[in-house]
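First the structure, in the form of structure tokens, and then the observations on it.
Any read-out appearing in this document is the output of simple, stated calculations on the displayed coordinates, not a laboratory observation. Everything quoted here is computed from the prediction, not taken from an experiment. Cβ sites come from the backbone with ideal geometry, for glycine too, and all protein chains shown count toward neighbours.
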Amino acid sequence: MVTFPGESAEYRAARDDLLKAEMALRRQVEAVAAQRRALPLGGLVEKAYTFTTVAPGRAEESVDLPGLFTGGKDSLVVYGFMYADDGTPCPMCSAFLDSFDGAVPHITEQADVAIVAKTSASRIREWAEDRGWRNLPLYSSAGSDFNTDYHAESAAHGQVPMVNVFRRDGDAIRHVVASEMFFAPNEPGQNPRHVDMLWPLWNTLDLTPGGRGEWYPATRY
């Protein structure tokens, strides 16, 4: 049994109960991941979506969805980076991408990644340079139906941080899964939490006595 200095019997009993709940949650997480992997392949991508590459110091280039599979892999994770109507980047997305930037070199050992924003390439580039992002594969989807077709934008919600996963199936590209929990009813006191599994910020705060509280990240502190 693990114990820590100064803990009471009451604390240890409560912590052991928590451990049982954590183990049950681990089993549930694994079960949901297995259920997700067992999904049949989704719809065939039939439109010729066009994106513009965004790379500091490099010329912009046009690329289609198959071109986002850049590492010879069969899986592609696309994150919808939100911009407001006035051209302002989303603070929540920016905070997420600050941490995701460091994870990308590891993720791309197994799957390709694309960060897609429906705004101009120059605007994305300026923000990436301001944030110091080094690894994010950034693309502009301005002028494309991609965001609306794959629910990263709608008349009801504007732009939203939808995650979509695609799989290359021979010469075809098929949709696999999306973070649809964004559109599911929220439990009391919860936001959608549809990308929390990708985001260290919230998982770390959940370990603290204060939890998440009512705080949200900002672009400047």
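Running a GNM on the chain with Cα contacts under 10 Å, which residue among Asp145, Asp17, Asp171 ends up with the highest mean-square fluctuation?
Most flexible of the set in this elastic network: Asp17.
Taking all pairs of distinct Cα atoms, average 1/r, flip it, and tell me the Kirkwood hydrodynamic radius of the range 50-180 in Å to one decimal place. All intermediate terms of the calculation are to be shown ahead of the outcome.
Values: mean 1/r = 0.0676 Å⁻¹.
By the Kirkwood definition, the hydrodynamic radius is 14.8 Å.
Helix-derived [θ] at 222 nm for the chain: sum -39500 (n - 2.57) over DSSP H runs of at least 4, divide by residue count, nearest 500? Spell out each step's value before the answer.
Numbers: 5 runs with 67 residues, N = 221.
Mean residue ellipticity, 222 nm, calculated: -9500 deg cm²/dmol.
Can you tell me how much longer the chain between Ala155 and Glu61 gets when fully stretched, taken as 0.36 nm per residue apart minus their C-alpha distance, in nm with one decimal? Spell out each step's value before the answer.
Details: separation 94, 0.36 × 94 = 33.84 nm, distance 2.89 nm.
Extra length from Ala155 to Glu61 when fully extended: 31.0 nm.
Taking only Cα atoms of the range 122-221, what ratio of Rg to Rh do you get with Rh as the Kirkwood inverse-distance radius?
Numbers: Rg = 16.5 Å, Rh = 16.6 Å.
Here Rg/Rh amounts to 1.00.
For an R0 of 30 angstrom, estimate the FRET efficiency from the Cβ-Cβ distance between Leu18 and Ala111 and round to the nearest 0.05. It would help to have the intermediate numbers written out before the result.
Values: r = 33 Å, r/R0 = 1.11.
Taking R0 as 30 Å, the efficiency between Leu18 and Ala111 is 0.35.
So which residue, out of Pro188, Pro56, Pro40, gets the largest mean-square fluctuation from a GNM of the chain using Cα contacts under 10 Å as springs?
Pro188
Taking every alpha carbon pair in the chain, what does the distance histogram look like in 5 angstrom bins from 0, in percent?
1, 6, 12, 17, 18, 15, 11, 8, 5, 3, 2, 1, 0
If the chain between Asp145 and Ala9 were fully stretched, how many nm would it gain, using 0.36 nm times the residue separation less the Cα-Cα distance?
Working: separation 136, 0.36 × 136 = 48.96 nm, distance 5.97 nm.
Gain on stretching Asp145 to Ala9: 43.0 nm.
When the Cα centres of the range 140-174 and the range 63-129 are compared, how far apart do they sit, in Å?
Taking the Cα centre of the range 63-129 as reference, the centre of the range 140-174 is 12 Å away.
Among Ser144, Gly72, Met82, which residue has its Cα furthest toward the positive end of the charge dipole of the chain, with +1 on Lys/Arg Cβ and -1 on Asp/Glu Cβ?
Gly72
For the chain, modelled as a GNM with alpha-carbon contacts under 10 angstrom, which of Asp169, Asp16, Asp86 fluctuates the most?
Asp16
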